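What follows draws every value from the coordinates through simple rules; no lab data is involved. From a predicted model like this one, the values you see are computed outputs, not experimental measurements. Every residue, glycine as well, gets a Cβ built from its backbone with ideal geometry; the counts of neighbours run over all protein chains shown.
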Amino acid sequence: MTEAFLKGLALGSILALSVGPVIFTIIKQSLNNGKEGGMSFVAGVWVSDIVLVFLSNAFSEWVNALLQYKRAIGYFGSIFLIGLGAFYLFLKKVKLTVDASTEESRFRKRDMARIFSSGFLINTLNPSVILFWLINATAFAVTHTMRQRIIIFSTCIAVNIIADVLKVLMAGKLRKKLTLHNLSVINKISGLILVGFGIALLWGVAFISD
């Protein structure tokens, strides 16, 4: 069981340190909407990961069949990323609230649901995330029991959750020192990064995928 725990720890560390659209959006949401926005976003990512882990382990054949449509998933995901990035670049209005009570009243449940949904979709519509979970689930299924796999993937997700919470908290501390202008620049940079990831995904789907 110690070996399974260590493998889960290593897998979680790789996932937590990987660079992709999710990490930049975590920071952006935390800076724009405070701790509530950041936590809402990462909660959506966590739910997406848990669903994908469950499906990859319990229905690996079904997930393999789903990957036959990875080109369509990739196109949809890239369009989603480019559209979201363009929204942050050109349409998103940035507000900087210093009064905690005002911020709490401004941040409504529907805002949390919207941000949660964006986290879930950004993670789920990324074919590389599906492949990450499927490849690891398939590899561990060959040499590990179900109990060992539960430990591996539970540890992996727990490490990732802790890392995401730390990212939100660190971004929250940085937010207190930001001006409206700096926050607007960061918002646009985040949008540009999302557009870049979307274009890279689109390029990969169109010219590299089989």
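A few notes on this one:
- Protection-proxy order for peptides 157-166, 32-41, each taking the mean of Cβ atoms within 10 Å per residue, highest first: 32-41, 157-166
- In this simple spin-label model, placing a label point 7 Å from the Cα along the Cα-to-Cβ direction at both Leu6 and Phe59 gives a separation of 3.6 nm.
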